[in-house]
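The values are calculated or read from the model by the stated rules, or taken from the named source; none is laboratory data. The shown structure was predicted, so the numbers you read here are calculated from the model rather than taken from an experiment. Every residue, glycine among them, receives a Cβ derived from its backbone with ideal geometry; neighbour counts consider all protein chains shown.
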Amino acid sequence: MNQSPSVALVILNWSGKHFLEKFLPSVVLSDYENLEVIVADNASTDDSIQFLEQRYPSIKIILNGANEGFAKGYNTALKQVTADYYILLNSDVQVTPGWITPVISLMETDKAIAACQPKILSFENKNKFEYAGASGGWIDKFGYPFNRGRIFDFCENDEGQYNNISQIFWATGAAMFLRASVFHEQNGFDEYFFAHQEEIDLCWRMQRAGHKIFVVPSSVVYHVGGGTLPAGNKRKVFLNFRNNLVMLSKNLPFREMIWKIPFRILLDNVAAFQALIKGDFITFKAIEKAHFYFLNWIFSTKKQIDLPKKYLATFDGTYNGSIVWQYFIKKRKTFSEILQFKK
């Protein structure tokens, strides 16, 4: 009997002993025969390592020399891991026993599939989709990411409405299945991102190289969310706004980028001044700082990308309309509602 493909499940940890204590028991009970569980530690300042050595001696530990963020932290670790598939799993995720097999089975049927995600539900409210992934990532024509089941901050109840296996634009980094060979062909994550939206950038680059991204909702996990950088954190706001503009600049063809980037900066500034009017100077400052760093990146560190660039709308999981318009002006909150309209 042929052995199942090898899978390395890698948890990137930074001072998250409390999450490891709470969620590793579910991880080690994952029902997959050819599985190795690894914790890559980003120079934790708590006693995570001592806890792992004492309680989980069978788990391999990779020690990164510094807190390298999500992007470089995983790049550094995965250079030391050999497997057919990687699963990148946040430390604040509770998994279900049979969650791995459905995803690997799909990826084995089509070698063009480079990344997948399970359905992500809220750990606190298990009938509700969770912000970071829900039932698969999409993107609108202006580069705003959203999900089947989550538009901006509104998360739908899971009533089975997005239970179909579907091709998507991006898979969440909270529980991301990757074909190892393709990850390395793409040189992994863009380390400039540090954290936030690097997985969307990677999925976009993979698709430009001819690969596919899927969600497999029969695989279910429960995510706490905001475990490292909580919502509203100025660092999180800065990274999200900066990285989104960098991603668009890297992946859009020039004829799209030349007008979409200025328009996005305009929309970002609207959001910044709305925050300022509400007295939220921290968010205002974070968005303006993101624009400054993006412009610095454009003029000083931008690298040419050789992969062919296609119109955004040519990819699966793209919405050829504006979710800002649909959500804030038309008051349409759900993925199903919004998908019916393109203006």
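For the criterion of being under 17 Å from Ser30 (Cα atoms), touching a Leu at 6+ places or on another chain (Cβ under 8 Å) and not aromatic (Phe, Trp, Tyr), Leu52 fails. One residue stands out in region 312-343 among those that are under 16 Å from Gly210 (Cβ atoms) and exposed (fewer than 15 other Cβ atoms within 10 Å of the Cβ): the one that is modelled with the lowest pLDDT, namely Thr314.
Checking region 104-114 against the condition returns no match, with no residue being surrounded by 22 or more Cβ atoms within 10 Å (Cβ to Cβ), of a type in the set (Asp, Glu) and either under 19 Å from the mean Cα position of the chain (by Cα) or in a loop (DSSP other than H, G, I, E, B) (or both). Give the residue, chosen from Ile287, Ile282, that is among the hydrophobic types (A, V, I, L, M, F, W, C), at pLDDT below 95, in contact with a helix residue (DSSP H, G or I) (Cβ under 8 Å, 6 or more places away or on another chain) and farther than 28 Å from Pro308 by Cα. Of Ile287, Ile282, the one residue that is among the hydrophobic types (A, V, I, L, M, F, W, C), at pLDDT below 95, in contact with a helix residue (DSSP H, G or I) (Cβ under 8 Å, 6 or more places away or on another chain) and farther than 28 Å from Pro308 by Cα is Ile282. All of (1) within 16 Å of the chain's Cα centre (by Cα); (2) surrounded by 20 or more Cβ atoms within 10 Å (Cβ to Cβ) hold for Cys155 with one exception: (1). Taking region 270-319 as the range and being polar (S, T, N, Q) and farther than 21 Å from Leu202 by Cα as the test, the residues that pass are Gln274, Thr283, Asn296, Ser300. When Asn125, Asn90 are checked against the criterion of being without any contact (Cβ under 8 Å) to a residue 40 or more places away in the chain and of a type outside the set (Val, Ile, Thr), Asn125 stands alone in meeting it. Only one entry of Gly65, Gly69, Gly73 meets the criterion of being crowded, with 21+ Cβ neighbours inside 10 Å and modelled with pLDDT under 95, and that entry is Gly69. Among the residues of region 40-55, at least one is on the phi > 0 side of the Ramachandran plot, touching a Phe, Trp or Tyr at 6+ places or on another chain (Cβ under 8 Å) and surrounded by fewer than 20 Cβ atoms within 10 Å (Cβ to Cβ). May I ask you to list the residues in region 233-280 that are in contact (Cβ under 8 Å) with a residue 40 or more places away in the chain and of a type in the set (S, T, N, Q)? Of everything in region 233-280, those that are in contact (Cβ under 8 Å) with a residue 40 or more places away in the chain and of a type in the set (S, T, N, Q) turn out to be Asn240, Asn243, Asn244, Ser249, Asn251.
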